[in-house]
Each structure stands twice: as C-alpha cells, then as structure tokens.
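Heads up: the structure comes next, in structure tokens.
The values are calculated or read from the model by the stated rules, or taken from the named source; none is laboratory data. For clarity, every value in this text was computed on a predicted model and none was experimentally measured. We place every Cβ from the backbone using ideal geometry, glycine too, and count neighbours over all the protein chains shown.
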Amino acid sequence: MVGFAYQLSGGMAVEFARRLILMLLAIIAASSPTFAQASAEHKTQHIIFVMTDGLRWQEVFSGAEASIMNKKNGKVANEAALKKTYWRETPEARREALMPFLWTVMAKQGQVFGNRDKGSDAFVTNGLFFSYPGYSETLCGFADPRIHTNDKVPNPNVTVLEWLKNRPSFQGEIGAFGAWDVIASVFNPERSKLTANAGWDPFTAMTPTPNLTMLNKLKAETPRVWDDEPFDAIPFYTAMEYLKEKKPRILYLSLGETDDWAHEGKYAEYLDATHRVDAYLQALWEQVQSMPDYRGNTTLIFSPDHGRGKAPHKWKDHGQRVPDSKYIWMAFLGPDTPRMGERSNIQPLTQSQIAATLAAFLGEDYVADVPKSGKPIADVLPH
Ligand SMILES: [Zn+2]
C-alpha cells in the first residue's frame with residue numbers, strides 16, 4: 001500500500017491520503033461507544049418477566065419465619081407438617097427449602113437484590129405500597145400520582161412493553177398474563193393492542209389448543225374463592241401454552257396468591273403459593289432452554305409489586321400505613337447478567353428501574369425517550 005503511494009504523482013498522492021484518512025475516520029466512528037450502544041452487544045433476544053404479588057423480602061432471603069408458623073399468628077392448622085416442609089436451622093437452608101429454583105439457579109447464575117440484612121435495599125417509590133401503583137411503576141418506570149387506587153381503569157401511561165412494541169425495529173409478539181383481573185388494565189390493551197389476559201376472562205387471542213380449551217373451562221366452571229382472581233395455576237398454564245404456541249419475544253406473567261393468602265392471614269397457604277411460584281419459574285426456564293429459538297438468549301426477571309409489614313403482626317398488611325411494605329426484592333438471570341449472586345453492601349435500587357433495565361436487555365434506551373424513568377440497573381447488564 002505504502003509502496004504503491006510512493007509511485008503516485010504529487011496531486012494523486014494528496015487525494016489518496018485524503019481518502020485514506022476519511023476511510024480511517026469511518027472505521028473509528030463505527031467502533032465508537034455511540035455506535036456500539038446502538039448495535040448493542042447483548043445476547044438477550046427474549047424476556048420472561050414474572051411478578052408475584054406482595055411476596056415479602058423476608059421470606060425470599062430468610063425463608064419461613066418462626067413467629068408466624070403457628071395457629072396464633074399464621075392460622076396454621078398443622079404446625080408440625082409446616083415445619084417439616086419449610087423449617088430449617090439456617091436462613092440459607094430455609095430459603096432454599098422455600099424457593100429452590102431462586103436459590104440454586106437464579107442466585108448462583110444470576111443476581112438477587114433486596115436483602116436488607118446484608119446492605120442491599122430495593123424499594124418502591126410510589127409511596128402507596130399497593131398493587132396498581134406498584135405494577136405501573138414497575139412497567140412504566142415511574143410513579144404517577146394519578147395511579148392511586150386499585151380500580152380497574154385503563155393505564156393512562158404507556159408501559160415499557162407497549163413502548164417496545166411501537167419501536168420501528170421491534171419484531172415479534174408480546175403477551176401479558178395475570179391472575180388479578182386489574183393486570184390487563186395496567187397494559188391498557190385498548191390503546192396498546194398488546195395481548196393481555198387476566199382474572200377470570202377466557203383467553204381467546206390464539207387458536208385454542210386442547211390445554212387452552214380446558215383452562216378456559218376451568219376458569220368458567222370452578223368456584224371463585226376470590227372475585228378478582230383465579231388460583232395461580234390457571235394463568236401460569238395459560239401463559240405456558242401461549243409461550244409454546246406463539247413463541248413471543250416478551251412474556252409477562254403476574255401471579256397473585258402470595259398476596260391473597262397473606263391478606264387472609266394463612267401462612268401455610270402463603271408459603272405453599274411462594275413455593276409454587278418458584279416451581280413455575282423453574283418450569284418456564286426449563287421450557288425456554290428446551291426451545292432452540294430461546295436457548296441461551298432469554299433473560300428471566302422476577303420481582304413483586306410491593307412488600308408487606310413485619311412479623312408477627314403486620315405481615316398480612318401493606319400500604320401507606322405499613323411503612324415496611326416499601327421494601328421489595330428483584331432477581332435477574334440470563335446470558336447478559338454477570339454471575340454475582342446474592343448482592344450485598346451496594347447502592348439501593350428502586351422499582352422504577354426495572355422498565356429501563358428490561359428495555360436495555362433488548363438493546364433499547366428507554367430513558368432517552370422517557371426521561372422520568374428510573375435508570376437501567378448497570379450491574380445486571382453486559383459491560
Ligand atoms: Zn394486597
């Protein structure tokens with residue numbers, strides 16, 4: 001190349017040098033950080049986001065709590081049986097008995113935040129500490145004072161899922177499923193045109209499979225313990241059927257029994273519901289790892305909408321009058337999340353950061369478009 005340049009006449013040599021410089025500048029520009037961000041060196045192509053309503057950080061990090069495992073504080077009918085299932089001598093052994101997938105897979109291969117006993121705080125910023133404000137903060141990235149009830153009203157704000165769906169570059173389907181009937185309203189399906197199914201509504205947005213037909217029958221025909229939600233198994237298996245059939249880019253699932261059993265003060269049922277949610281996470285994870293399109297490129301996110309009060313008397317409740325219900329937890333697992341396990345002694349995180357983090361896993365900059373959103377959690381993203 002250099003030898004060739006020597007043979008050129010003066011004017012041609014200047015022109016050659018000018019072109020060479022332009023070419024080099026183009027190469028430098030292509031590898032600059034701005035460009036790298038746009039091309040996003042992330043492996044995540046699919047997201048599974050599971051929330052479970054009102055599960056306390058105390059059980060997540062320390063397992064079953066002794067002062068509630070009885071008739072007086074937790075309406076426990078068979079204390080010996082409950083202890084056999086969930087009581088162990090150390091918090092580490094207790095939490096693993098309660099949530100084996102979270103502690104043997106997510107915490108080992110991903111990251112878990114919110115253990116206040118180890119200097120890791122995660123909290124809700126909406127100041128209300130109940131469901132709709134928590135789901136909206138999580139999914140929109142900010143608290144909105146207009147969201148101050150649990151009424152079944154269409155969300156005036158755009159969720160990160162709706163925002164992603166409307167990105168020109170976004171390909172693929174998004175499906176949102178909820179036990180609680182208000183979950184559909186959080187996504188404002190009329191406006192967003194997202195696939196959203198919740199509560200007792202049959203799921204009719206895909207060609208019925210034998211499983212889906214049965215699930216819709218069970219919704220219609222089984223007794224309703226709660227007016228506003230079926231047991232978690234129904235939305236879970238509905239979401240699973242949708243995952244297998246429609247292969248969405250993003251699957252969102254909110255489960256509700258953890259909150260309902262706690263409100264009823266039934267600790268054994270609350271622990272069993274928590275244990276089932278953990279098994280559902282494992283089933284979703286194993287399902288995606290068995291699908292070639294998803295294997296190695298799926299990120300799993302897990303969080304609640306709010307916390308609850310302290311044992312033994314306030315664990316049933318949450319809301320403004322229970323300040324402890326501000327505290328939550330969150331877990332991440334996937335090909336882009338460094339294996340840092342259970343986090344300790346770090347800056348606090350907020351619920352409002354989850355939306356931008358979800359978008360960042362897919363290479364999208366949510367905060368640039370929604371500046372009031374919390375910032376992505378850098379520690380769980382590729383560096
Ligand atoms: Zn509640």
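Summary table below
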{"quantity": "Cβ-Cβ under 8 Å pairs, at least 6 apart or on other chains, segment 45-63 side touching a residue at least 12 places away in the same chain (Cβ under 8 Å) and more than 19 Å from F123 (Cβ to Cβ), far side within 16 Å of the ligand (Cβ to nearest atom) and part of a strand (DSSP E or B)", "calculated": "V50/S254; V50/L255"}
{"quantity": "Cβ pairs under 9 Å, 6+ apart, first in segment 181-196 and modelled with pLDDT of 95 or more, second of a type in the set (D, E) and surrounded by fewer than 19 Cβ atoms within 10 Å (Cβ to Cβ)", "calculated": "D181/D201; D181/D227; D181/D228; V182/D151; V182/D228; A184/D201; S185/D151; T195/E173"}
{"quantity": "Long-range neighbours under 7 Å by Cβ, at least six apart or interchain, first residue assigned by TED's automatic domain parsing to the domain that holds A239 within segment 204-218, second among the aliphatic types (A, V, I, L, M)", "calculated": "L215/I234; L218/I234"}
{"quantity": "Selection count, segment 324-351, where residues are within 16 Å of the ligand (Cβ to nearest atom) and in a strand (DSSP E or B)", "calculated": "1"}
{"quantity": "In segment 279-315, the residues that are farther than 19 Å from R249 by Cα and over 17 Å from the mean Cα position of the chain (by Cα)", "calculated": "R308, G309, K310, A311, P312, H313, K314, W315"}
{"quantity": "Helices (runs of 4 or more DSSP H) contained in segment 223-309 and holding at least 3 residues within 16 Å of the ligand (Cβ to nearest atom)", "calculated": "257-263, 267-289"}
{"quantity": "Boolean, R321 is away from the ligand (no atom under 14 Å from the Cβ) and surrounded by fewer than 20 Cβ atoms within 10 Å (Cβ to Cβ)", "calculated": "no"}
